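Everything on this sheet refers to the single structure shown next.
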Amino acid sequence: MGEKQLMLGNAAIARGLWEAGVKVASAYPGTPSTEISENLVQYKDDLYCEWAPNEKVAAEVAFGASVAGVRSFACMKMVGFNVAADPVYSAAYAGVGRGMVLCVADDPGVYSSQNEQDTRAVSRAAQVPVLEPSDSQEAKDFAKIAYEISETYDKPVVIRTTTRLAHSQGMVELCPREEVPDKPYEKNIAKNVMLPANAIRRHVIVEDQMEKLAEDACSMEKLNRMEIRDTKIGFITSGIPYLYVREAMPEASTLKLGLVHPLPRKLIEEFASKVDRLIIFEELMPVIEEQVKSWGIACEGKNIFTKLGEYSANMIREKLLGVQIDAAQAENTPNRPPILCPGCPHRSTFWALKRLKLHVAGDIGCYTLGAVPPLATLETCLCMGASISSLHGMGKAKGEEYLRDWVSVIGDSTFMHTGVNSLMNMVYNQSTGTVIILDNRITAMTGHQDNPATGRTLMGDVVPAIDFEKFCQGLGIGHVYTVNALDQQELMETVKREVKADHLSVIVAKAPCALIPEARTKKKCVEIPEKCKHCGACSLPGCPALTKNEDGSITIDPTQCNGCGLCRQLCRFGAIKEVE
């Protein structure tokens, strides 16, 4: 037995990648997947890892490294898998050189996402095998097994995790790194160039590979395990839901699937024949259930359990055992409304836009909180980069005059992700309108990762940072302005002028995230009670550092205040001062 260590699921995957001999890893940060790369970088003496501008690029980097002959990896959350779908679908046809693995983190319960997409369904359409671990030990082990499958069956492989697995901890046995020799590159145009004539022949190979893998999976005991106990009820399950079954009904028989696509049909048929009642327990879509039913096997699943949200052991107890769960404790838990941090520059920007009575097309990031009170300014949010494209669509639908009441906002990392193409489209198709890049110098929402505009890499190297003003000017935009996001007057004057103009303009609202070291100052805002008129103007933007007292005065919490000065700027009576 080797050394054991308590690890997050994400940290365990990173350890498994290192042990598997991975040499190149690329990712775009997205909760709940982010910590995989953040843990992987500790092994940078043995491998190269990076933050990519988006998930499509990350998957393509992994494919290139695989073709060159080393084990490679790409990481993302489930909505990012949509962005990566273009290369992944074709990589499934082309196959690999050395093993290529992707980890995709799903988010049942929508804790930090804009939908509850099921990666198994996307992977099935892409003809890509999917492994789903149940705990941290399996997360590490499956990362290594994924490369064996990738190289044996000449396919990229997806490891599917969920928020619960990614952010829970378990004991993991540590093993040494496997030194995998580089595979010599071999020129093979018929395999690696997806021209139609090549692709149609590769499709035949893909179908054969998946059929062979499904057959072999019936005897892959490290992945798929039949556990026969009481045969009155048998569960087919995988991932974290397997643990819920074992907790709620430990006497029940289970078929635990580690490979959830393709499914081991013969093994499932054998298990079904041994139990009186067969139940499929899977979160989100009935991916397993529909396939099992299509084989003529009687089973239950979504007729009992919901397609929505995250499952639990209590759900089994309630639905199958008739145990009523006392929800009083959960109901008494105080609400913690989502809110921007004290000193966040986005609050200042949104408050300026609210004062100007403008509509805001929004995007994915911390600034999506501009949609909730008291800011309540952001009015659309679809996906990464969509704020700019949506603004363009509005203008083409209703004309230039319509856009005098609208702006688009997008974060610095999101702009690098897919906003660039959207802005290019506005230039190319002669749009007017005002785009505001919220440049807080970091990828804040997912935990302060770097991006091409920060001047630092995941490996810690200092590199040239993208200059947004020069970049936009390089696209041919003649009206680009950088303003201090915390200066209400400058911000409002610039926005007010540009939304009235008959041209495309970009405003870079620049101020660092209040939580990064370079933003921390000794400055604080302090109330002057004798000057306060109890008007409440300073507290309207909803800064958590401000508390409104019963008499209408305010108190500023010095432990929370970041000295951004927004409240001071909004006070017309000089009742707030800045101190060192």
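I436 - would you say it is touching a Leu at 6+ places or on another chain (Cβ under 7 Å) and either assigned to a loop (DSSP other than H, G, I, E, B) or of a type in the set (A, V, I, L, M, F, W, C) (or both)? So I436 does not fit the description; no.
The strands (runs of 3 or more DSSP E) falling completely within the stretch 39-129 that include 3 or more residues that are under 27 Å from L195 (Cβ atoms) and touching a helix residue (DSSP H, G or I) at 6+ places or on another chain (Cβ under 8 Å) map to 100-106.
Of I279, I316, all but one fail to be touching a Ser or Thr at 6+ places or on another chain (Cβ under 9 Å), outside the structural domain of L8 (by TED's automatic domain parsing), in contact (Cβ under 8 Å) with a residue 24 or more places away in the chain and not acidic (D, E); the exception is I279.
Taking E148, is it closer than 22 Å to V70 by Cα and among the acidic types (D, E)? Taking the combined requirement at face value, the residue satisfies it. Consider only pairs whose beta carbons are under 8 Å apart and that are at least six residues apart or on different chains; among these, list those whose first residue lies in the stretch 339-350 and is within 17 Å of C538 (Cβ to Cβ) and whose second residue is in a helix (DSSP H, G or I) and of a type in the set (D, E, K, R). Listed by first residue and then by second, the contacts come to L340/R347. The condition of being buried (at least 21 other Cβ atoms within 10 Å of the Cβ) and closer than 30 Å to Q114 by Cβ holds for only one of I268, I279, I304, I316, that being I316.
Could you tell me whether the stretch 130-152 includes any residue that is within 22 Å of A199 (Cβ to Cβ), assigned to a loop (DSSP other than H, G, I, E, B), modelled with pLDDT of 95 or more and not assigned by TED's automatic domain parsing to the domain that holds G239? Within the stretch 130-152, not a single residue is within 22 Å of A199 (Cβ to Cβ), assigned to a loop (DSSP other than H, G, I, E, B), modelled with pLDDT of 95 or more and not assigned by TED's automatic domain parsing to the domain that holds G239.
Residue-by-condition table, conditions (1) at pLDDT below 95; (2) in contact with a helix residue (DSSP H, G or I) (Cβ under 7 Å, 6 or more places away or on another chain):
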residue	(1), (2)
A376	yes, no
G385	yes, yes
I388	no, yes
L403	yes, yes
V409	no, yes
G433	no, yes
I442	yes, no
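Residues in the stretch 200-240 that are in contact (Cβ under 8 Å) with a residue 60 or more places away in the chain and hydroxyl-bearing (S, T, Y): S238 only.
The values are calculated or read from the model by the stated rules, or taken from the named source; none is laboratory data. Just so it is clear, the model here is predicted, and its values are computed rather than measured. FYI the Cβ positions are ideal-geometry reconstructions off the backbone, even for glycines, and counts take in every protein chain you see.
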